[in-house]
Amino acid sequence: MISEGMLDKVLSPQDLRKILNADNMEIVRLCRKTSIVPKKDENGKTYFSMEEARILKQAKESKSLMTKSSSQVVVNTLLSSLQKMEDTMTNSITESLTKVLDERLEGMDEVVVELIRCKTENENLKNKVNELNKENYRLKNTLNSYKPFAFGLYVKKQEDDILL
């Protein structure tokens, strides 16, 4: 425990830097954090009491402890939150994309079946057109083989035997 005589002991900024193992900027930051205002003697030099040095040291130690353990907890919490958000977003995006694709592709099976049926029908019609063209050519060839003779009579001459 600190005795009454030690409470009255004053420390210069250099002594405080050695005790806290800190630079002036860190001491200023710790003073602001703990609301300690450095005192000035009659010559205008800054000094600190032993009690203030003890408070500043506790503030620095609690900061370093917080920095090590609490910062790791904060980092771990952030990482787990990000992982949860990523999983949620991935699942949400996957589900919505699947839903949209299912809606868009819902009638595609019937369309594909109808397309195949139309293609088959188209091929059948092309074959039928080819057969009709062949028959038309044969009939025209047969018709052209009859030449008019006299008195409305016709004479048949040899047909062309060209096949398509």
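Observations on the model:
- Flag for Ser62 being in contact (Cβ under 8 Å) with a residue 40 or more places away in the chain and among the hydroxyl-bearing types (Ser, Thr, Tyr): no
- Residues located in the stretch 87-117, provided they are open to solvent by less than 100 Å² (accessible area, probe 1.4 Å) and not in a helix (DSSP H, G or I): Gly107
- The residue of the stretch 21-42 that is most open to solvent (accessible area, probe 1.4 Å), among those that are among the polar types (S, T, N, Q) and under 16 Å from Leu11 (Cβ atoms), is Asn21.
The values are calculated or read from the model by the stated rules, or taken from the named source; none is laboratory data. These numbers come from a predicted model, not from an experiment. Cβ sites come from the backbone with ideal geometry, for glycine too, and all protein chains shown count toward neighbours. Keep in mind that these areas ignore ligands, DNA and RNA; they rest on the heavy atoms of the full protein, side chains included. Shrake-Rupley method; radii C 1.70, N 1.55, O 1.52, S 1.80 Å.
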